[in-house]
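To start, the structure itself, in structure tokens.
No lab work stands behind these numbers, since they all come straight from the coordinates. Note that the structure is a prediction, hence the values are computed from the model and not measured. Cβ sites come from the backbone with ideal geometry, for glycine too, and all protein chains shown count toward neighbours.
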Amino acid sequence: MNKRHNILIIDDDKLMCVSLKGLLEENGYHVYVVSGSDAAVHILEKHEVDLILFDLRLQDVSEISLINKIKEASSDAIILVMIDQNKIKAVINTLCLETVDYILKPFDPDYLKKTIEKALYKQQLEASLKKTLIDKEIISNINKTIATSLDIRESFSTVCGELKKVIPFDRACIIISNEQGHWFQVFALTKTYNFSEIGEGESFPMSGSLLEEIIKTGEPVIVNDTKKVRFWTDKVLYKEGIHSRCGFPLTYKGKVLGAIAFGSEKVNSFNEQCNYYLWQIAPQLAIALENTKLFNRIKASEERYKTLFNHAADSMVMIDLHGKILTINQREEEIIGYKMEELLGKYVYDFLPETSKKLVAELLALAVNSKVPTTEIEVISKHQQILVMELDMTVVKEEGNILYLLAHFRDITKRKNLETELKEEKKKLDNIVSEIGADLFVINRDNKICWANKRLIEHHPLGKDIVNHTCFDTYCHLQSPPVDCPSIKVFETGKINQIERVIYNHHKKKFCNVISSPIFDKDGKVVQVLELIQDITNKKQVEEKQKKLQQQLIHSDRLISIGRLAAGVAHEINTPLAILSGMIQGFLERNNSFTKENVKEFKTMQKVTKRIEKTVDSLLELSHFEGNEQPKPVHINELIKNTVALIIEQFTAKDKNIVLRLSSSLPKISGFAEQLQQVFMNLLINADDATERGDTISITTVQKDKKMITISFKDTGEGISEDHLSKVFDPFFTTKEVGKGTGLGLSITYGIIERHHGTICVKSKVGRGTTFDINLPIDFGKVTVDG
């Protein structure tokens, strides 16, 4: 709908005024009529007038003065003077027709109507043009302000000051979304009142807010009345006196970064015209917003860099290509002892010994075109102390041009001193470990060797490759850890463990003393075990030999004592036994004088006495030896064959096998054939008692060395238990049933072998058989033993 224009008629001719008013009102104009200047000025001050019809007669100067007053009172109103044709020249000379137009009298109504329409249309065009120019200037000023600002927050109040010229508001702000889109922040804020719950720099929930709607639609949003609470922010702002709002999206590269929002204390303050103005500044404002965020990130990054540079743990020095110092950090001051002002403008060479100057010069030249390796150099401190440094260089460029070199000095003086000390300590420790006379290695929880001492590496077939192999495989020669593995116990208990172990390698027996010690981490957990393994095989062999000799000595003493006792007992028994035996024989020869039952009893008594005689003979054998008898050459193989021939039928009848493995090159030895045959017979009788049908007795002879032969009797019988094994050579010891043995056979055997300066030992496992090994000297000379 067109605007209804207001027209003011100034004319003292009442009739003319009535006529003009009627004409103009018929054409839709609102008309004011006055006759004098004061009334005209009053109307202009009170009402907005678009056009003034003024009857100009040029009778006096007051008319011209009235026109000037009208211009001052209403500069935008068009003044249309009604003038007689004969006075037109005077009007042109007196008035400025750029602001005053005229109409010639007399005129007809159509002419007046067209002239007024033309004048009003011209006025409308001029006003529109003027407003357009003003708007453009405002928008231009705003965009210039935005474009020249690094931080939009600093110029936001200026931008809003210009915007107020075209948009009425009491509050303006820029709101942005966080990266996750769950919150929004008031990035910049200006307002005409003091208090606000939604303040600058604060963050608020995105859900249900004005910005959420703008981001969702990408379109401007206008809230004509916040009392209706379209968004939760409306309710908050309504309490602050904001009754209408609008928001315009700030879009950058297709993404809505945020919005510029306005609030007014009046209802319905915003319309599409507001969006027209905002549309012209929003792109530049979005760019400025993104630039502000980027600038802030750069600024923060620069601050972080400065902080890191100044508070770095190592020395940092900026130098040019000639080595001139541009700046240093605080750490450099602390390390080298000079203040920044003492170093600026000087060259790095001024603080280097001759050995390092040439090296640094080469590094500077190298740094221009390639990466410089970390290099150790020496630096002279203010106190003339030589410091060892690690030097790294980084070239800083901009658009291909070198700005400066960043030299990074790391003080390693203490580390180098510690390394020297550690090398010395390690050398000492290596010497100690190498000379310790034992194998040392460290194993982890997977039983893998992590470290081994020099002695173990040099003596083990794998050498250095022993590392990363399992200890039970490379050292114990087993496929899996043994049940009593000491390192496993240490991992479980965390306590030192010491045991003696027997290790078998290719059937060789090795005795070891194993000490396992835990290695803890910082949390007190056992992570590794140090094992010290000492070979005690020789020690064990000596102990075993001493033990065996001690047992032999005790056994010999026992045999001597028993022999003497046996000799005395035998002599005491022999005399009455001979009398008793003779009487029984006499009774049997006179058997006709006795009943059959008496004869039977005499025969029983004769058997008993013969058994007693046999036992006495054994006792005498144990104790008696002919002192002057000389040893003679004995062919052991023939003696064994003869002995076997005497007893073979007894074995064959029981389905037992005797296997002979006799060395064809076995030499003759010096000895007593009858006594040795008794030894062989005793061993075969014992083997017969210990075996069953189908078992085998093997007899082996071999020359052990130039001075000794070995004879072995091995059976596959029931074996001897460990408890009995140490007692088999004791006199009267037997495991046979009562009446089947005297327990003197092996004792006599032991004594005979001992008289031959030999040894006899027994090995046995229950259920797997027994082996007797006899070692006899080939020639032991004349034997003289008291019987």
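Is region 149-300 rounded, prolate or oblate when judged by the Cα gyration tensor, a ≥ b ≥ c being the square roots of its eigenvalues, rounded requiring a/c under 1.5 and prolate requiring a/b larger than b/c? Here region 149-300 falls in the rounded category. Coupling constants for region 15-30 follow from the phi torsions by the Karplus curve (6.51 cos²θ - 1.76 cosθ + 1.60, θ = phi - 60°), and in residue order they are 4, 5, 4, 5, 5, 5, 4, x, 4, 6, 5, 4, 8, x, 8, 9 Hz; glycine and proline get x. With both labels modelled 7 Å from their Cα along Cα-to-Cβ, the W279 to K448 distance reads 7.3 nm. For region 162-242, the list of GluC sites (Glu not before Pro) that fall in a loop by DSSP and count at most 10 other C-beta atoms within 10 angstrom reads E179. Which pairs in the list K131/K235; K509/K547; K357/K427 are over 29 Å apart, alpha-carbon to alpha-carbon? Correct reply: K131/K235; K357/K427.
Extension gain, N538 to D655, is 37.7 nm, computed as 0.36 nm per intervening residue step minus the present C-alpha separation. In this structure, the residue pairs whose Cα-Cα separation is over 19 Å, taken from K144/K165; K510/K706; K14/K46; K165/K227; K21/K113, are K510/K706; K14/K46; K165/K227. Among the listed values (i) 65.5, 218; (ii) 27.6, 85; (iii) 52.1, 163, the one matching Rg and Dmax of the Cα atoms in Å as calculated from this structure is (i). Packing order of peptides 485-492, 537-544, 655-662, highest average first: 485-492, 655-662, 537-544 (average count of other Cβ atoms within 10 Å over each peptide's residues). Give the aspartates and glutamates whose C-alpha is closer than 12 Å to that of K714, dropping any in the same chain fewer than 8 places away, or say none. Those aspartates and glutamates meeting the cut-off are D688, D695, D773. Where both bridge residues fall in region 632-777, DSSP classifies roughly 85% of the beta bridges as antiparallel. Residue order for V81, V442, V467, fewest other beta carbons within 10 angstrom first, comes to V467, V442, V81. Please name which of A286, A361, F204 has its Cα lying farthest along the dipole of the chain towards the positive end, using unit charges on Cβ (Lys, Arg +1; Asp, Glu -1) and the Cα centre as origin. So the residue furthest toward the plus end is A361. Between N310 and T420, the modelled labels are 3.7 nm apart [label points 7 Å from Cα along Cα→Cβ].
Straight-line cross-link reach from K339 at under 20 Å between alpha-carbon atoms covers these lysines, not counting any fewer than eight positions away in the same chain: K306, K324, K382. Filter the GluC sites (Glu not before Pro) in region 648-706 to those in DSSP coil with at most 11 other Cβ atoms within 10 Å of their Cβ, and list the result. Qualifying residues, ordered by number: E692.
Note on E638, E290: ascending count of other Cβ atoms within 10 Å places them as E638, E290, the fewest first. In the chain, taking the dipole from charged Cβ atoms about the Cα centre, the farthest positive-side position among Q703, G36, T595 is held by T595. Determine, from the Cβ-Cβ distance of Y349 and S301 and an R0 of 41 Å, the FRET efficiency 1/(1 + (r/R0)^6), rounded to the nearest 0.05. Between Y349 and S301 the formula returns 0.80.
Selection among L237, V728, N574 by position relative to the dipole of the chain gives N574 as farthest towards the positive end (Cβ unit charges, Cα centre). Region 168-187 and region 255-303 have Cα centres separated by 9 Å. Under 17 Å from a label point 7 Å along Cα→Cβ of R4: give me every residue in region 27-48 with its amide N that close. Answer for this model: 27-33, 47-48. Taking a straight Cα-Cα cut-off under 24 Å and skipping sequence neighbours fewer than 8 places away in the same chain, the lysines within cross-link reach of K607 are K596, K736, K740.
Put simply, the amide H of D84, placed in the peptide plane, has neighbours under 5 Å in K105, leaving out anything fewer than 5 places away on its chain. Note on the chain: with charges restricted to the Cβ of Lys and Arg (+1) and Asp and Glu (-1), its dipole about the Cα centre is near 3220 debye. With R₀ fixed at 51 Å, the C-beta to C-beta distance from E341 to E290 puts the FRET efficiency at about 0.80.
For V31, the residues whose modelled amide H falls within less than 5 Å of its own, excluding neighbours fewer than 5 places apart on the same chain, are I7. Distance between the C-alpha centres of region 493-512 and region 645-706: 38 Å, rounded to the whole angstrom. Close amide H pairs (under 5 Å, H built 1.01 Å from N) link H469 with I449, residues at least 5 positions away or on another chain. Which GluC sites (Glu not before Pro) from region 343-422 combine a DSSP loop assignment with at most 14 other Cβ atoms within 10 Å? Hits after loop and neighbour filter: E399. DSSP beta bridges confined to the chain are antiparallel in about 80 percent of cases. The packing ranking of peptides 597-608, 42-53, highest mean first, is 42-53, 597-608, where packing means the average number of other beta carbon atoms within 10 angstrom of each residue.
With a Förster radius of 22 Å applied to the C-beta separation of E362 and T394, the computed FRET efficiency comes to 0.85.
Are any of the pairs K495/K545; K130/K253; K489/K539 more than 30 Å apart by Cα-Cα distance, and if so, which? Distance filter (> 30 Å) returns K495/K545; K130/K253.
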